[in-house]
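*Asks:* Take a look at the following structure, please.
Please treat every number below as a calculation from the coordinates, not as lab data. All values reported here derive from a predicted model rather than from experimental measurement. Every residue, glycine as well, gets a Cβ built from its backbone with ideal geometry; the counts of neighbours run over all protein chains shown.
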Amino acid sequence: VRIRKSITISAIFILTASNISAECNYPMKNFIVPAGSKATETEMLEVMGKVKTYQADLGSYRTCLENELKQVSTDLEAYADIEEMMTAKFNASVEDEEM
C-alpha cells in the first residue's frame, strides 16, 4: 500500500512539477567578483552592475516560484511535496544571492 501511494504521489508530482517549473528559469551567474585589492574601479563597477542584475533576476525567479505555487490546488494530494520543492528552490536562490 505504501509503495502504491508513493508511486501515485510521484506520478502526480512529476506531472504537476513539469507544468509548474516550465516558466521559472533559474538565472545564470555570469560574473566573478575580483579581489578588491587588485581590481580597478572600472572592474568593480562593472561587476557591481552584474551583481545587481543577478539579484533582480533572482527576485523575479522567486516571484515566479510563488506565482506557480499559487496555481497548484491545495487539495492536491502531493501539494505538500510540491510546496517543499518550491521552498527548497526559493531558499537556494536566497543563499546564492548572499554569495
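*Asks:* Residue 90 versus residue 66, label points 7 Å from Cα toward the beta carbon: distance in nm?
*Replies:* The modelled label-to-label distance comes out at 0.8 nm.
*Asks:* Scan around residue 39 for amide H atoms under 5 Å from its own, H built in the peptide plane at 1.01 Å from N, and keep only partners 5 or more places away or cross-chain.
*Replies:* Result for residue 39 returns nothing.
*Asks:* Within straight cross-link reach of residue 29, meaning Cα distance under 16 Å, which aspartates and glutamates are found once same-chain residues fewer than 8 apart are removed?
*Replies:* Partners within reach: 46, 57, 95, 96, 97, 98.
*Asks:* For a quick protection proxy, order the peptides 60-67, 34-41, 87-94 by their average other-Cβ count within 10 Å, most packed first. List each step's numbers first, then the result.
*Replies:* Values: 60-67: 15.4, 34-41: 8.6, 87-94: 13.5.
Highest-to-lowest ranking by the protection proxy: 60-67, 87-94, 34-41.
*Asks:* Let me ask something else. Can you tell me the length gained on complete extension of the stretch residue 97 to residue 80, counting 0.36 nm per residue apart and subtracting the Cα distance? Mind showing how you got there, number by number?
*Replies:* Numbers: separation 17, 0.36 × 17 = 6.12 nm, distance 2.57 nm.
Contour length minus the Cα-Cα distance gives 3.6 nm.
*Asks:* Where a Cα-Cα gap under 13 Å defines reach, which aspartates and glutamates qualify for residue 70, not counting those fewer than 8 residues away within the same chain?
*Replies:* Counting by Cα, and skipping residues close in sequence, residue 70 has these aspartates and glutamates nearby: 83.
*Asks:* While we're looking at this one, here's another question. May I ask you to evaluate 6.51 cos²θ - 1.76 cosθ + 1.60, the Karplus curve with θ = phi - 60°, for each residue of the range 64-71 and list the ³J(HN,Hα) values in order in whole Hz, giving x for glycine and proline?
*Replies:* Result, ordered by residue: 4, 4, 4, 5, 5, 5, 4, 7 Hz.
*Asks:* Moving on to the next point. Assuming 0.36 nm per residue, please report the length gained on full extension of the stretch residue 48 to residue 26 beyond their Cα-Cα distance.
*Replies:* Details: separation 22, 0.36 × 22 = 7.92 nm, distance 1.98 nm.
Gain on extension, residue 48 to residue 26, equals 5.9 nm.
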